[in-house]
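Enquirer: Dropping the structure in here first, questions after.
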């Protein structure tokens, strides 16, 4: 009888975990104060993590306690030759390390992340060794990070491990501040340049975000880590391998509804794209293109 009860309980828990429709291939939502798993889908699948890597890069850089006012010159070796991604940080620009960190985290700039690793004490090799030590210290047993940007598909982890990384990153005030800045102006070669957060939910009305990082490569899909507060609860969400940015955003909206206790979250349908308004501070409205949604049928 006890075994039967346990089996029924497990099946009910599994059904509850998948009651919310997700477009992301891996999902994990954990209540920060208790460690309770609120939502889960393929949380132990090892997959590429794209620029979520940069949270690890930032922690290792900050652990080194380098002079954050020191100027770093962006070098040709910092240019992405793997994916040939674009950058608004020109080669030859001299930028304070604190601003390079801002660019790497808030705007997810790959040249900035590469420059941080290159100028780490002992260079890129020492940086890589420090990353391995940090991964081990955090107990991220299913994680491999081979370079600082996330461009390599060999940077791989699980949603479960990434919750550990997010929890650790949340203890760094510089990381929480930078990743929740909607935008910043940084002087580049004597000119003020405005950069924006890659997560359009940062600064949006109704969102209390304590940590944020997006990621995207073709192999990893659209990824997101956020720590949010809703209805008095603090929770960390990890979304991996969503097919589009709109899907990633809608998954985050559904998770917020779940945390708030909404029993009928928004579901994606296969057609009829539409735009959803996401209000932000300063009277601006961001338009996010998503697919038309419907309420799930009762019992479906």
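Just so it is clear, none of the values below were taken in a lab; they were calculated from the coordinates. The structure presented is a predicted model; accordingly, all values stated were derived computationally and were not measured. For neighbour counting, all protein chains shown are included, and Cβ atoms are generated from backbone atoms with ideal geometry for every residue, glycine included.
Enquirer: Residue 229 to residue 80: extension gain in nm, 0.36 nm per residue of separation minus the Cα-Cα distance?
Expert: Additional length available on full extension: 50.1 nm.
Enquirer: Tell me, in nm to one decimal, what length is gained between residue 70 and residue 118 on full extension, where the rule is 0.36 nm per residue of separation less the Cα-Cα distance?
Expert: Numbers: separation 48, 0.36 × 48 = 17.28 nm, distance 1.39 nm.
My answer for the length gained is 15.9 nm.
Enquirer: Packing-wise, with mean Cβ within 10 Å as the measure, how do 235-241, 211-217, 78-84 rank, highest first?
Expert: Highest-to-lowest ranking by the protection proxy: 235-241, 211-217, 78-84.
Enquirer: Now a separate question. Principal axis extents for segment 170-220, Cα atoms only, whole Å, descending order, please.
Expert: Cα spread of segment 170-220 along its principal axes, largest to smallest: 33, 30, 25 Å.
Enquirer: Something else about it: When you count, for each residue, the other Cβ atoms within 10 Å and take the mean per peptide, how do 157-164, 244-251 rank with the highest first? Please report the intermediate quantities before stating the final value.
Expert: Numbers: 157-164: 24.2, 244-251: 21.9.
So the peptides 157-164, 244-251, ranked by packing, come out 157-164, 244-251.
Enquirer: Quick check on packing: order 28-40, 44-56 by the mean number of other C-beta atoms within 10 Å, highest mean leading.
Expert: Numbers: 28-40: 17.3, 44-56: 23.9.
Ranking the peptides 28-40, 44-56 by packing returns 44-56, 28-40.
Enquirer: So what's the convex hull volume per residue for the Cα atoms of segment 21-294, in Å³?
Expert: 127
Enquirer: Right, here's the next one. So, in nm, how far is label residue 185 from label residue 36 when the simple model puts each one 7 Å beyond its Cα toward the Cβ?
Expert: 4.6
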